[in-house]
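A.B. asks: Have a look at this one.
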Amino acid sequence: MKTFGIIALIILVIILIGIGPVLTIISLNALFALNIGVTFWYWASVVWLSMVLGSICKGASKFN
């Protein structure tokens, strides 16, 4: 039962990593009418942007 929980958690994290950037693209389209298509390259761009902005925010909070 414990192994099943660990496997389910890993699968959930993988799904959220895959769907998170798609939801970001969809929300930007809804808010600003950008008409960005959901393709692999746009998905990869959002993943990269999230990693860069996340590291900048972590670095900025380190000095506070």
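A.B. asks: Condition first: without any contact (Cβ under 8 Å) to a residue 40 or more places away in the chain, touching a helix residue (DSSP H, G or I) at 6+ places or on another chain (Cβ under 6 Å) and exposed (fewer than 11 other Cβ atoms within 10 Å of the Cβ). Can you find one or more residues in the stretch 43-57 that meet it?
C.D. replies: Scanning the stretch 43-57 turns up no residue that is without any contact (Cβ under 8 Å) to a residue 40 or more places away in the chain, touching a helix residue (DSSP H, G or I) at 6+ places or on another chain (Cβ under 6 Å) and exposed (fewer than 11 other Cβ atoms within 10 Å of the Cβ).
A.B. asks: Show the residue pairs meeting these rules: Cβ distance below 8 Å; 6+ apart or different chains; first residue within the stretch 24-40 and on the phi > 0 side of the Ramachandran plot; second residue surrounded by 10 or more Cβ atoms within 10 Å (Cβ to Cβ).
C.D. replies: Hits for this filter: N35/N29.
Taken together, the values in this text are just the output of simple stated rules run on the coordinates, not laboratory data. Remember, it's a predicted structure, so these values are computed and weren't measured experimentally. All Cβ positions, glycine included, derive from the backbone under ideal geometry; neighbour counts span all protein chains shown.
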